[in-house]
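Here the structure comes first, spelled out in structure tokens, and everything after it is commentary.
The values are calculated or read from the model by the stated rules, or taken from the named source; none is laboratory data. Small disclaimer: the values here were computed from a predicted structure and weren't measured. Heads up, the Cβs are rebuilt from the backbone with ideal geometry, glycines too, and the neighbour counts pull from every protein chain shown.
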């Protein structure tokens, strides 16, 4: 059982990393990874929302009627995002300025809704909390790796501290949106290589766990026997 | 039915729980956020008033202060910090200026500009510790005259505003408004509408003459004094009376230009007064015209100038009849403060005027027009009939 809990916690880091394997939360990932400090702040803020919403949703999972579960999740998530926004605004004004609109936009970060739907709505409070921590750390880790590459190589600095000897060689392209896409793609490929054969198959997070699965059963009944290709099995914003 | 009621109750319940959580968080964070924002605002205020101990935003009557002022903060020891937005050609500069209780500038910074600032960025530092006279004497930065003039005017507005808020009075009227007020006071029958008279006769000792648009009479300006002369009457002032007699008696006659050969191409029309003076309308190439006489290179237009000259070649009066120069740059030449410099000049010294920096082409257009006038005068006077 303990072992099981540990795997719930750890799977978010690499095996089911929300960014690199589940391809969720792409928009904040690209937007906030231009510098390490912002990426770290974003990761921690999302982690906080993820853990809180996972716990509350798991607590309420038997009370929430199936037909209104999505609105309920959204209310819970939006509420926690607003709380986090207010806390960050009050105690970390610099971070608040840096993240700007992406902080309130955590509401529509599909990692959080995705975990509420895929995990917290079906599992115990303890496991949901661990899942939230694991996924949150996975998101933070992904942002940190990506922002480190983009900031160090693109802006010749780390968390705002200049690295003078890299200054003449910096690739400014990496700090721009297309550079972010490029780094993102390379990291997805890298993680795919690392987890080859161990990455989750479609059935574990595809139709069956899709928020719309209840209304849309198309394709689920005849789940493909063969492992689908990497391109078609992933999706999300 | 039961299911939908349950769903509604559940959703409302969750909303209520979240609302309570939000209210609690807000209860804790709202005062801290407000305090932070105040501190951030004070930071900007402290930048222009480093010795300030506490600031308080003041409500003010916009009509009583210079138009550029948008925000006023009062400092505890009696100074003020003003937030200004410049208007006119260099509009949109947001400037913060501190004024000490003794009426000197404590600091000035440009918070926002609609262009990239170079040397002007630290221009505000030059005003620190200066009073109005010191500010007036501060040079603008060459190459950034427009920007730094707007900056300087904003500083002057701040000093004036501090005087007004301190209970003093400042004349905030523009030169035009002062002139209009003086004309109205001199000749109330003019109903507030006056036109500057283009002078074609030599009248000594008079600086300017205005006529009331409704025909009520004339106002003569000598220095700072305004002398009204109602239609059909005369003035008790001898100088004014003499000048008025000359102007009333004056008459002009058109000259047929086709009777002359070799007149400058850019002479538009010519008139002659009974006293022998010439009134010429001449043109000079404005900005965008590369060659004066032959080939119009691009989209520029000619500047049309009316000039009255005595037969012995002395300019009596000058007026811009038409110009389409760039707004805020070339059109600065169309002001009387520029073309009025030609009054009293002769062919040998009309080029000795203060050019307008940044408007070289337009200035040259005016010089060319005057040159055409003198060239025309020689031929018209020569009697080539």
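For the reader, a short list of remarks on this structure follows.
- Lone unmet requirement of (1) modelled with pLDDT under 90; (2) buried (at least 21 other Cβ atoms within 10 Å of the Cβ); (3) within 14 Å of another protein chain (Cβ to nearest Cβ) for residue A:104: (2)
- Of the residues making up segment B:267-288, those that are at pLDDT 85 or above and either surrounded by 15 or more Cβ atoms within 10 Å (Cβ to Cβ) or not assigned by TED's automatic domain parsing to the domain that holds residue B:331 (or both) number 14.
- Among the criteria (1) surrounded by fewer than 16 Cβ atoms within 10 Å (Cβ to Cβ); (2) under 26 Å from residue B:327 (Cβ atoms); (3) at pLDDT 85 or above, the one residue B:68 does not fulfil is (1).
- Only one of A:115, A:69 that is crowded, with 19+ Cβ neighbours inside 10 Å and within 14 Å of chain B (Cβ to nearest Cβ): A:69
Per-residue answers, yes or no, for (1) buried (at least 24 other Cβ atoms within 10 Å of the Cβ); (2) within 14 Å of chain B (Cβ to nearest Cβ); (3) out of contact with any helix residue (DSSP H, G or I) (no Cβ under 8 Å at 6 or more places or on another chain):
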| site | (1), (2), (3) |
| --- | --- |
| A:10 | no, no, no |
| A:39 | yes, no, no |
| A:80 | yes, yes, no |
| A:91 | no, yes, no |
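- Search result, residues across segment A:143-156 that are on the phi < 0 side of the Ramachandran plot and free of Cβ contacts under 8 Å to residues at least 40 places away in the same chain: A:149, A:152, A:153
- Within segment A:57-66, at least one residue is crowded, with 21+ Cβ neighbours inside 10 Å, closer than 15 Å to residue B:8 by Cα and within 9 Å of another protein chain (Cβ to nearest Cβ).
- Filter result for the condition that a residue is modelled with pLDDT of 85 or more, over 18 Å from the mean Cα position of the chain (by Cα) and either surrounded by 17 or more Cβ atoms within 10 Å (Cβ to Cβ) or part of a helix (DSSP H, G or I) (or both), over A:174, A:144: A:174
- Test: residue in segment A:116-131 that is more than 23 Å from residue A:190 (Cβ to Cβ), without any contact (Cβ under 8 Å) to a residue 60 or more places away in the chain, part of a helix (DSSP H, G or I) and over 13 Å from the mean Cα position of the chain (by Cα): no
- Filtered residues of segment B:334-360 (kept if crowded, with 16+ Cβ neighbours inside 10 Å, out of contact with any strand residue (DSSP E or B) (no Cβ under 8 Å at 6 or more places or on another chain) and over 16 Å from residue B:308 (Cβ atoms)): B:338, B:353, B:355, B:356, B:358, B:359
- If the condition is being touching a helix residue (DSSP H, G or I) at 6+ places or on another chain (Cβ under 7 Å) and under 16 Å from residue B:356 (Cβ atoms), then segment B:148-158 contributes only B:148.
- Residues satisfying the stated conditions in segment B:34-68, i.e. touching a helix residue (DSSP H, G or I) at 6+ places or on another chain (Cβ under 8 Å) and within 14 Å of chain A (Cβ to nearest Cβ): B:36, B:40
- One residue stands out among those in segment B:289-323 that are part of a loop (DSSP other than H, G, I, E, B) and modelled with pLDDT of 80 or more: the one that is farthest from residue B:349 (Cα to Cα), which is B:323.
- Elements of type strands (runs of 3 or more DSSP E) in segment B:170-238, at least 1 residues being outside the structural domain of residue B:64 (by TED's automatic domain parsing) and exposed (fewer than 12 other Cβ atoms within 10 Å of the Cβ): B:194-196
- Residues of segment B:21-33 satisfying the condition of being surrounded by 11 or more Cβ atoms within 10 Å (Cβ to Cβ) and either touching a residue at least 60 places away in the same chain (Cβ under 8 Å) or more than 7 Å from chain A (Cβ to nearest Cβ) (or both): B:24, B:28, B:30, B:31
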